[in-house]
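K.L.:
If you scroll down you'll find the structure; I have some questions about it.
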Amino acid sequence: MTNLPKPTRADLLASYGKPTEDVIAEGLTLLFCGINPGLYSGYTGHNFARPGNRFWPTLYRAGYTDRLLAPADKRELLARGYGITNLVNRATARADELTPGELAAGGERLLRTIQTYRPRAVAVLGVSAYRSAFNQPRAVMGRQPHDLASAQLWVLPNPSGLNAHYQLDDLARIFRDCRLAIESGTENPSTAS
């Protein structure tokens with residue numbers, strides 16, 4: 001599926017509700033948790049696949065990867081100790097199409113995933129979705145004061161191109177701070193913005 005033609009509007013609309021595959025293994029260093037797949041990801045079957053999404057460039061600039069990976073290369077993350085899942089595994093055009101009930105169920109799904117696969121840390125990508133999924137209305141970016149199951153809990157900015165609050169350099173710095181804190185065991189990182 002790596003050489004799919006550019007999707008038409010009809011292709012994208014037909015992708016509503018399609019899931020993407022989790023990229024996961026036991027004992028990861030960090031599990032990234034997106035909100036839900038976009039329609040482009042639903043079409044391709046790859047996480048963070050829309051060309052304007054900044055997830056893959058952010059990982060490269062933040063030192064998670066030694067080269068810029070394409071969405072089709074997602075399984076290469078496993079060898080580096082990283083994985084990907086979503087709160088809600090249903091493609092939509094925008095994350096705000098998800099209901100509060102879906103996000104809450106996604107929080108429960110993430111908890112079960114962590115209990116099964118036991119990553120050292122999990123990073124939810126999007127503070128608004130995290131607040132809704134875990135009933136934490138005052139949560140802020142960065143390391144959370146509590147763990148989720150046995151995993152350090154982080155909230156990082158959503159790398160979607162629709163999130164104009166953070167530029168690529170900002171995302172790379174925040175993601176890098178998270179990586180360095182997890183690698184060093186630091187409990188008080190400087191990721192809050």
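K.L.:
Please find, among G81, G34, the residue that is of a type outside the set (A, V, I, L, M), under 29 Å from G185 (Cβ atoms) and in contact (Cβ under 8 Å) with a residue 60 or more places away in the chain. Talk me through it step by step, then tell me what you get.
P.N.:
Working: G81 fails: in contact (Cβ under 8 Å) with a residue 60 or more places away in the chain.
On inspection, the qualifying residue turns out to be G34.
K.L.:
Among the candidates A49, A95, which residue alone is under 21 Å from Y166 (Cβ atoms), of a type in the set (G, A, S), touching a helix residue (DSSP H, G or I) at 6+ places or on another chain (Cβ under 8 Å) and without any contact (Cβ under 8 Å) to a residue 60 or more places away in the chain? Break it down stepwise before answering.
P.N.:
Numbers: A95 fails: without any contact (Cβ under 8 Å) to a residue 60 or more places away in the chain.
Of the residues listed, the single one that is under 21 Å from Y166 (Cβ atoms), of a type in the set (G, A, S), touching a helix residue (DSSP H, G or I) at 6+ places or on another chain (Cβ under 8 Å) and without any contact (Cβ under 8 Å) to a residue 60 or more places away in the chain is A49.
K.L.:
Determine which member of the set A139, A164, A172 is touching a residue at least 24 places away in the same chain (Cβ under 8 Å) and either closer than 22 Å to T58 by Cβ or not polar (S, T, N, Q) (or both).
P.N.:
Only one candidate passes the filter, namely A172.
K.L.:
Also: Checking N135 against (1) assigned to a loop (DSSP other than H, G, I, E, B); (2) on the phi < 0 side of the Ramachandran plot; (3) not acidic (D, E): exactly one of these is not met. Which one?
P.N.:
(2)
K.L.:
Still on this structure, please answer the following. Could you tell me which numbered condition F134 fails, if it satisfies all but one of (1) crowded, with 17+ Cβ neighbours inside 10 Å; (2) closer than 18 Å to G38 by Cβ; (3) out of contact with any Pro (no Cβ under 9 Å at 6 or more places or on another chain)?
P.N.:
The number of the failed condition is (2).
K.L.:
For the range 112-128, state whether one or more residues are under 17 Å from D22 (Cα atoms), out of contact with any Asp or Glu (no Cβ under 7 Å at 6 or more places or on another chain) and small (G, A, S).
P.N.:
Yes, the range 112-128 has at least one match.
Read-outs throughout are calculated quantities, based only on the coordinates presented, and are distinct from any laboratory measurement. From a predicted model like this one, the values you see are computed outputs, not experimental measurements. Note that we place each Cβ from the backbone using ideal geometry, even for glycine, and neighbour counts take in every protein chain shown.
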